[in-house]
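Structure, as structure tokens:
The values are calculated or read from the model by the stated rules, or taken from the named source; none is laboratory data. Just so it is clear, the structure is predicted and the values come from calculations on it, not from any experiment. Neighbour counts run over all protein chains shown; Cβ positions are idealised from the backbone, glycine included.
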Amino acid sequence: MTSSYSTDIVIFGGGIAGLWLLNRLRDKGYRTILLETNTLGSGQTLASQGIIHGGLKYALNGTLTGAANVIAGMPAYWRSCLNGTGEVDLTTCKVLSDHYYMWSEAGIRSKLKTFLGSKSLQGRVEPVPKGEYPSFFKAATVAGTLYKLPDFVVDTSSLLQALTKKYHDYIFKIDSHAYAFERNNAGQVNAVTVANSEQTFRIEMQNIIFSAGEGNQELINKAELKAPKSQVRPLKMVFLKQENLPRIFVHCIGSGFSLTPKLTVTSHTDSDGCTVWYLGGELAESGVGLNDAEQINAAKILLGSVFPWIDLSSAQWQCFTINRAEANINNDYRPEDAYIKEEDNILVAWPTKLTLTPSLADKVIQHLVEKSLVPMAVTNNEELSSVLEAANIGSANWD
């Protein structure tokens, strides 16, 4: 006999996007559960550098792009959540750095000054007086200029903990090979069957949301959807550990403006209390296709040229590949905002970037309102805890 359960919304995917949606939707009164086949955050979330962008990065080709304008309001939104006045309670989330820096080579100082002085960017980024440089940059042995951005950095593990705190009883782990979608007579997906070691059971819902990042494509295939399409853009990220590493948070830009800084550094702490430098930017994009030894060598050369005053001879280096998953809506170009697409009662969702997760939730909620989806009077999703185990938070690659 197959047991049956009912709920308003089932979310597939337990990264930041899915967990943020769970919080917003349950706060709105929708009886929502989240299903995850791995550990929470195990894909893009824990591989993210945790930067909450204000959009300047996307204007580094000398013009303000659509992406830059979309993201401009995100730092203020996130800060409201962090201080307890926003739509999602992130007061327990750890902020690694309350601001972000940009370090530019001396050769582009004039061009950069003109660009940053434009009316559209006034007040969004400021040069740092040399007397106020952090100690790491005061020690610089090469000429450069330091700028302060409105961006900041959150600890993604802490962010996951904050987002699971309120509704942890509605977050479940399922076997990646033990679920299937059901359609009604109208061809709409209205249920999912899930098997555990002891039984098979059925969950009926009003709506399904796929927010599984790279996993969205597998879900799309399994549900036999036709319209939503996913794309991935790989990165080969590098991290290094060394005793007494200074904690820095900086984009490094070279001799020309580029949509992607040549190096982006964030600082983290591993489970042993050691500081970790996590390296992204153009280094991670151009390193795709290199083997680990080649990519680590490229990182050593780049850091040696950008920060020649620091000795990294005793550092331990590692790298890994992670795919950024996005909606494919315009011939493989990077979307400028979060994106949703519905087919057969399934809403496929991509935040595009960590920063834009709140925008994704707004789009989903607006869509449900326009669809006139009303919470059911009675559901029994609370009983799922007796047949499904809880999903646990994953670990960062350096732990």
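Got at least one residue in region 342-354 being assigned by TED's automatic domain parsing to the domain that holds GLU214 and within 27 Å of LEU245 (Cα to Cα)? Explain how you work it out, then say what you get.
Just the residues of region 342-354 that are assigned by TED's automatic domain parsing to the domain that holds GLU214, to begin with: 342-354.
Those left that are additionally within 27 Å of LEU245 (Cα to Cα): 354.
So far as region 342-354 goes, yes, one or more of its residues are assigned by TED's automatic domain parsing to the domain that holds GLU214 and within 27 Å of LEU245 (Cα to Cα).
Can you pull out the residues in region 270-284 that are within 20 Å of GLY254 (Cβ to Cβ) and loosely packed, with under 15 Cβ neighbours inside 10 Å? Write out each step before concluding.
Restricting attention to region 270-284, the residues satisfying the condition of being within 20 Å of GLY254 (Cβ to Cβ) are 277-284.
Matches in region 270-284: none.
Might you let me know whether region 96-104 holds any residue that is within 19 Å of the chain's Cα centre (by Cα), surrounded by 14 or more Cβ atoms within 10 Å (Cβ to Cβ), at pLDDT 95 or above and closer than 24 Å to ALA391 by Cα?
no
Among ASN244, ASN207, ASN190, ASN196, which is assigned by TED's automatic domain parsing to the domain that holds ILE16 and either loosely packed, with under 15 Cβ neighbours inside 10 Å or modelled with pLDDT under 95 (or both)?
On the way: ASN244 fails: assigned by TED's automatic domain parsing to the domain that holds ILE16; ASN207 fails: either loosely packed, with under 15 Cβ neighbours inside 10 Å or modelled with pLDDT under 95 (or both); ASN190 fails: either loosely packed, with under 15 Cβ neighbours inside 10 Å or modelled with pLDDT under 95 (or both).
Of ASN244, ASN207, ASN190, ASN196, the one residue that is assigned by TED's automatic domain parsing to the domain that holds ILE16 and either loosely packed, with under 15 Cβ neighbours inside 10 Å or modelled with pLDDT under 95 (or both) is ASN196.
Is there a residue in region 367-374 that is in a strand (DSSP E or B), modelled with pLDDT of 95 or more and of a type in the set (Gly, Ala, Ser)?
Checked region 367-374: no residue is in a strand (DSSP E or B), modelled with pLDDT of 95 or more and of a type in the set (Gly, Ala, Ser).
Right, ALA338: crowded, with 20+ Cβ neighbours inside 10 Å and in the same structural domain as THR32 (by TED's automatic domain parsing) or not? Talk me through it step by step, then tell me what you get.
On the way: crowded, with 20+ Cβ neighbours inside 10 Å: yes; in the same structural domain as THR32 (by TED's automatic domain parsing): yes.
So ALA338 fits the description; yes.
List pairs: first residue in region 370-399 and more than 24 Å from VAL194 (Cβ to Cβ), second residue aliphatic (A, V, I, L, M) and not in a loop (DSSP other than H, G, I, E, B) anywhere in the structure, Cβ distance under 6 angstrom, at least six positions apart or on different chains.
ALA396/LEU46; TRP398/VAL276
Select, from TRP317, TRP350, TRP309, the only residue that is buried (at least 19 other Cβ atoms within 10 Å of the Cβ), in contact (Cβ under 8 Å) with a residue 40 or more places away in the chain and farther than 20 Å from GLN217 by Cα.
Working: TRP350 fails: farther than 20 Å from GLN217 by Cα; TRP309 fails: buried (at least 19 other Cβ atoms within 10 Å of the Cβ).
From the options TRP317, TRP350, TRP309, the qualifying one is TRP317.
Regarding region 110-121, can at least one residue be identified that is modelled with pLDDT of 90 or more, farther than 28 Å from THR269 by Cβ and assigned to a helix (DSSP H, G or I)? So that I can check it myself, show each step before the final result.
Taking region 110-121 and keeping what is modelled with pLDDT of 90 or more, we get none.
Scanning region 110-121, I find no residue that is modelled with pLDDT of 90 or more, farther than 28 Å from THR269 by Cβ and assigned to a helix (DSSP H, G or I), so the answer is no.
Starting from region 28-44, take each residue that is buried (at least 24 other Cβ atoms within 10 Å of the Cβ) and list its partners that are in a strand (DSSP E or B) and among the hydroxyl-bearing types (Ser, Thr, Tyr), counting only C-beta distances under 6 angstrom and pairs at least six apart or across chains.
So the pair list comes out as ILE33/THR7.
Which count do you get for residues in region 354-391 that are under 17 Å from LEU163 (Cα atoms) and crowded, with 17+ Cβ neighbours inside 10 Å? Quick ask: steps written out before the conclusion?
Of the residues in region 354-391, the ones under 17 Å from LEU163 (Cα atoms) are 354-362, 390-391.
From what's left, crowded, with 17+ Cβ neighbours inside 10 Å: 354-361, 391.
Here the count works out to 9.
With the condition being closer than 29 Å to THR37 by Cβ, I'd like the strands (runs of 3 or more DSSP E) fully within region 130-209 carrying at least 1 qualifying residues.
Numbers: elements: 144-149, 152-154, 171-173, 179-183, 189-195.
Answer list for region 130-209: 152-154, 171-173, 179-183, 189-195.
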